[in-house]
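See below for the structure under consideration.
The values are calculated or read from the model by the stated rules, or taken from the named source; none is laboratory data. Bear in mind that the values here come from a model prediction, so they are computed numbers and not experimental data. For neighbour counting, all protein chains shown are included, and Cβ atoms are generated from backbone atoms with ideal geometry for every residue, glycine included. For accessibility, only protein heavy atoms count, side chains too; no ligands or nucleic acids. Shrake-Rupley method; radii C 1.70, N 1.55, O 1.52, S 1.80 Å.
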Amino acid sequence: NLVRVNVDQLTEEKLEAKSETASIEMEKFFDRYRNSADQLSKSVQIQKLFTDLKPGTKIQDSQDFADVIQSLKNNSDTDQENILSIWISDFDSSQLAQSNGFVSDADYQISDRPWYQTLLKEQKTVMTEPYEDFTTKAQIVSIISPVYSGNGGQIVGAVGIDFSLDGLKKTIGSYQLGNTGFYIVTSADGQIIYHPKEEMINKKVSEQDMSDGIKQALLTSLEGKIQYASHGVEVHGYVSKIG
């Protein structure tokens, strides 16, 4: 019994250390894009573009447009493996332009974007839940930062970065957890972002063959050690938050 208790304690300590280390590394992955979006949103050139752009005027006709798009492209080119696009969106004229040259048409409505109301409410950089890219089928996340007017009075637009989670999967897929251990990464709403079994990715935690304890822990971001059943096997686990 003493040996069993000591082994359990060592197992839990190792799980805690490994889990927290992995979560820090994952946070660095997301912070890279968050910091880029924050930095771009403070660009005086982008602020001026949005302030000068009036409803009814095409964004591509703006004086600073070419330079702004080139700046977005330069930033996008620094991480071609993961960044799909960097974009800007002006609020009062309801227009969007991407680093790859795409410009929205008259059908684009800024207020219909899923992130729009969240950005206005939070008044700070926000991140979407992962979604599947229609063309590549890759998992995509968007990080959006508000752009304020020159005097900082109101939000006049946004800068967004759409990036793939393939880099995240490669990183965490290289981590070792003993001989039989593995990592699971989930989003805030319980979507599985990473799992060693490819068929589990993009599925909901609530729909998986796992005991209720681990499901609730992942859905409520309840940190700490946990014992649970997964696909009929009793396992030790540890939950830690990313960011």
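Note on D209: accessible area is roughly 90 Å² with a 1.4 Å probe, heavy atoms of protein only. The trypsin sites (Lys or Arg not before Pro) of region 94-137 meeting both criteria, a DSSP state outside H, G, I, E and B (loop) and at most 13 other C-beta atoms within 10 angstrom of the site's C-beta, are K124, K137. With the alpha-carbon atoms of region 124-226 aligned to their principal axes, the span from lowest to highest coordinate is 56, 31, 25 Å, starting with the largest. Once the 1.4 Å probe is applied to the protein heavy atoms, region 193-243 comes out at 60 Å² accessible per residue. Fully extending the segment from D105 to D52, taken as 0.36 nm per residue of separation minus the present Cα-Cα distance, adds 17.1 nm. Note on M26: accessible area approximately 0 square angstrom, rounded to 10, probe 1.4 Å, nucleic acids and ligands left out. Both radii were evaluated on the Cα set of region 74-167; the Rg over Rh quotient, with Rh as the Kirkwood radius, amounts to 0.96. Separation of the alpha carbons by more than 25 angstrom is noted, of K18/K137; K170/K203; K204/K241, for K18/K137. The slack in the chain from D212 to E199, taken as 0.36 nm per residue of separation less the alpha-carbon distance, amounts to 2.6 nm. The portion of the accessible surface of region 107-190 made up by carbon and sulfur, rounded to a whole percent, is 48 (1.4 Å probe; DNA, RNA and ligands excluded). Once the Cα-Cα distance is subtracted from the 0.36 nm per residue extended length, the E16 to D38 segment shows a gain of 4.8 nm. Among residues other than S36 with Cβ under 14 Å from its Cβ, the summed charge is 0 (Lys and Arg +1, Asp and Glu -1).
Ignoring ligands, DNA and RNA, what percent of the 1.4 Å accessible area of region 8-50 is carbon and sulfur? Looking at region 8-50 in its full context, I get 50 percent from C and S. Seen against the Cα atoms of the chain and their longest principal axis, helix 2-41 is set at about 0 degrees. Here the scattering of region 1-118 is modelled by Debye summation over its C-alpha atoms, one equal scatterer each and no solvent; at q = 0.19 Å⁻¹ the log10 of I(q)/I(0) is -1.07.
At the residue level, D52 shows approximately 90 square angstrom of accessible surface with a 1.4 angstrom probe and all protein chains present.
Using the alpha-carbon atoms, what tilt in degrees (0 to 90, nearest 10) does helix 65-77 show relative to the longest principal axis of the chain? Roughly 20 degrees, rounded to the nearest 10. For region 147-200, the fraction of alpha-carbon pairs lying more than 18 Å apart is 54 percent, rounded to a whole number. So what is Rg over Rh here for the chain, counting just Cα atoms and using Kirkwood for Rh? My calculation puts Rg/Rh at 1.07. The residues of region 1-135 expose on average 61 square angstrom of accessible surface per residue, using a 1.4 Å probe on protein heavy atoms. Remark: spin-label model distance S221-V233 equals 3.0 nm, labels positioned 7 Å along the Cα→Cβ axis.
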